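Only one structure is covered here, and it is reproduced in the block below.
The values are calculated or read from the model by the stated rules, or taken from the named source; none is laboratory data. Note that the structure is a prediction, hence the values are computed from the model and not measured. Cβ coordinates were reconstructed from backbone atoms using ideal geometry, including for glycine residues, and neighbour counts include every protein chain displayed.
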Amino acid sequence: MNFLDWLQITFSLVVALIGLYIALSRAPRGRVLETTRVAGVGVALLGLSYFVGGFEGSAFETPLVTTVEPLLAVVGLLVVLGALFSQRRTAGRRR
C-alpha cells in the first residue's frame, strides 16, 4: 500500500466519522432536522465504502469485499438523495 492508499483510508474515516457525528448529535429540539440526521447516516455509508476501497491487494480484495463496496456506495447515495428530496418536499409545505 502506498501513500495515496493511506491518504484515501484516512480521508474516508474522517468523512464517515463526520457523518456519524451528524447522525448521532444531540442538539436542542428543532435545531437539527431528522432528514439531516438520515443524510448523515448516508454520508457515513459513503465514507465506509470509500474506506473499503482504499485497501488493495489480493489479501483484501475478496469476493465479499468487492460486493460490499459498491453496495455501501449505492445505499449511501440513495439515503442521502432520499433525505434531500424529503427535506425539499417538507420545506415546500411550510411556505
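Structural remarks
- Residues of region 60-78 that are outside any helix (DSSP H, G or I) and surrounded by 12 or more Cβ atoms within 10 Å (Cβ to Cβ): Phe60, Glu61.
- Test: Arg88 is more than 19 Å from Leu17 (Cα to Cα), assigned to a helix (DSSP H, G or I) and either modelled with pLDDT under 80 or more than 17 Å from the chain's Cα centre (by Cα) (or both): yes
- Looking across region 1-27 at every residue that is of a type in the set (Gly, Ala, Ser) and not in a helix (DSSP H, G or I), the one that is farthest from Leu45 (Cα to Cα) is identified as Ala27.
- Any hit, region 37-51, residues being without any contact (Cβ under 8 Å) to a residue 60 or more places away in the chain and more than 17 Å from Val80 (Cα to Cα): yes
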